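The values are calculated or read from the model by the stated rules, or taken from the named source; none is laboratory data. Model, not experiment: these values are computed from the prediction. Because the Cβ atoms are built from the backbone with ideal geometry, glycine has one as well, and the counts that use them run over all protein chains shown. Side chains included, ligands, DNA and RNA excluded: accessible areas come from the protein's heavy atoms. Shrake-Rupley method; radii C 1.70, N 1.55, O 1.52, S 1.80 Å.
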There are 2 protein chains.
Amino acid sequence: MITVSVFGWVPDFARGLVRDLRVRWALEEVGLAYEEQVIDARDKQSDAYLAYRRDLQPFGQVPAYREGDLTLFESGGIVHHIAQKSPQLMPQDPAAAARVTSWMFCALNSVEPPIQELTAMDLFHVGESWAKGRRDLAEKQVRGRLDGVAERLGDADYLEGVFSAADILMVSVLRILRHTDILDGYSSLTAYKERCEGRPAFAKALSDQLATFDRSPSA
Amino acid sequence: MITVSVFGWVPDFARGLVRDLRVRWALEEVGLAYEEQVIDARDKQSDAYLAYRRDLQPFGQVPAYREGDLTLFESGGIVHHIAQKSPQLMPQDPAAAARVTSWMFCALNSVEPPIQELTAMDLFHVGESWAKGRRDLAEKQVRGRLDGVAERLGDADYLEGVFSAADILMVSVLRILRHTDILDGYSSLTAYKERCEGRPAFAKALSDQLATFDRSPSA
């Protein structure tokens with residue numbers, strides 16, 4: 001039995017972006033059922049939240065993942081673990097698998113950090129004077145990464161020929177830009193994102209994340 | 001034959017930190033020889049640099065990696081690929097391998113981004129007004145990550161019992177803080193970093209990176 005930790009409540013701007021979505025999406029792609037462990041992070045000193053940090057997720061974030069005796073706590077690592085269960089997400093050829101894994105690191109180490117920095121500025125620090133000074137540079141850094149990904153993608157449908165775990169992570173990262181119009185300038189990346197979002201497994205994962213928010217007490 | 005791209009010149013503050021070090025270190029640990037492809041990134045419009053971006057590294061950074069027909073361009077992915085060649089860097093037990101891989105993503109997706117943000121502020125943007133306003137928050141974010149890693153490490157020697165590729169990436173990330181005294185507040189992380197830096201493979205990798213800078217024309 002697989003258990004994935006998810007937040008019961010997040011601010012509106014984070015709905016549909018929280019990182020358990022990546023794990024849900026991967027599990028849907030390979031057809032593995034899972035249970036949710038709903039975490040309430042609003043009271044950072046509650047016994048339940050402190051126990052969650054101690055036992056499962058040292059940064060107090062989601063997702064954490066349990067599968068029998070195995071526990072994992074980093075979304076990239078969890079998606080990689082799930083991907084290795086199925087050639088639908090990870091090619092069996094070792095060279096192709098290395099390229100997919102490299103794209104997974106690319107999404108999370110080269111593309112996501114500047115996107116997260118820009119997004120934090122726009123959503124959490126918008127009124128602060130430093131954010132105004134930093135934003136042009138941050139947007140330039142984001143565009144530099146998007147230029148590189150778009151050039152590599154070219155007119156292909158997916159990063160490595162066929163859909164893989166790399167696309168789950170890259171699209172999850174590109175989606176964080178939804179509060180901006182930056183992606184509009186990249187028609188191939190927009191089409192790529194929409195192609196991946198059009199997959200039934202993505203739709204189910206997204207709908208399940210949103211349903212949990214709707215079901216959880218809001219105050 | 002393995003080839004790793006490295007820079008021939010970087011500013012002094014980056015010497016000993018450039019990301020090819022991670023790949024050199026992994027190769028030394030498993031005893032694989034490699035050749036350097038020295039990249040000059042100072043003239044961003046040179047034919048050689050533009051060809052490097054197009055063919056090997058879409059962001060124009062190092063390292064890129066070639067091994068026969070396989071090319072990879074992201075340090076995390078390259079280290080993961082090398083690690084899979086040897087149980088010295090990646091356990092053969094699948095659950096242990098999943099935990100090591102998760103720590104690799106943790107180092108590069110959770111720990112390195114705030115450290116890089118802080119470092120960019122201190123080294124590239126120190127005189128800019130926004131950096132002053134942003135720095136307290138950035139340092140707080142770094143400490144939040146270090147708290148989590150230190151708690152998980154506890155009094156163990158390595159992240160997953162024995163030395164692995166996870167330690168290569170985590171220590172490479174912690175080393176970026178060398179211009180600050182932040183790590184001094186974390187005695188277990190300092191000891192952990194020094195334990196890993198004490199390995200002969202690390203010393204050889206570092207010395208080889210520095211030797212390349214010393215050998216390359218400086219202007």
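Figures for the structure shown
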| item | result |
| --- | --- |
| Peptide-level mean, for B:124-136, of C-beta atoms on other protein chains within 10 Å | 4 |
| Calculated label separations, A:E35, copies of the chain, 7 Å along the beta-carbon direction, nm | 5.7 |
| Model label zone, A:R152; criterion: amide N under 15 Å from point 7 Å along Cα-to-beta-carbon; scope region A:189-205 | A:189 |
| B:D47 accessible area, assembled protein chains, probe 1.4 Å, Å² | 130 Å² |
| Carbon/sulfur fraction of accessible area - region B:14-63, other protein chains in place, 1.4 Å, % | 47 percent |
| Partner chain coverage, peptide A:117-123 - average Cβ within 10 angstrom | 2 |
| Förster-model FRET efficiency, 60 Å R0, A:D43 and A:T190, C-beta, rounded to 0.05 | 0.95 |
| Percent of beta bridges antiparallel (DSSP, chain A, rounded to nearest 5) | 55 percent |
| Across the identical copies, how the A:G60 labels are spaced - nm, sorted shortest first, 7 Å along Cα→Cβ | 4.0 |
| Hydrodynamic radius of region B:1-83 per Kirkwood, over alpha carbon pairs, in Å | 12.9 Å |
| Prolate/oblate/rounded call for region B:146-193, Cα gyration tensor, a/c under 1.5 rounded | oblate |
| Charge dipole (chain B, unit charges on Cβ, about Cα centre) - positive-most of B:A205, B:L123, B:S110 | B:L123 |
| Flagged links, alpha-carbon separation over 31 Å, of A:K132/B:K140; A:K85/B:K204; A:K132/A:K204 | A:K85/B:K204; A:K132/A:K204 |
| Highest-fluctuation residue, A:A165, A:A51, A:A201 considered, GNM on chain A with Cα pairs under 10 Å | A:A51 |
| Rg over Rh, two decimals, region A:15-153 (C-alpha only, Kirkwood Rh) | 1.02 |
| Total accessible area lost when A and B pair, probe 1.4 Å, Å² to nearest 100 | 3700 Å² |
| Mean Cα-pair separation over length for chain B, i.e. relative contact order, pairs under 8 Å, 6 or more apart, % | 28 percent |
| For the protein assembly as shown, the Rg and Dmax computed from alpha carbons only, in angstrom | 20.8, 64 |
| Heavy-atom accessible surface of region B:172-219: percent carbon and sulfur, 1.4 Å | 52 percent |
| Proximal aspartates and glutamates to B:K44, defined as alpha-carbon separation beneath 16 angstrom and excluding residues fewer than eight positions away on the same chain | A:D147, B:D55 |
| Radius of gyration and maximum dimension Dmax of region A:73-219, Cα, Å | 16.5, 51 |
| Accessible area in square angstrom per residue, region A:18-163, 1.4 angstrom probe | 42 Å² |
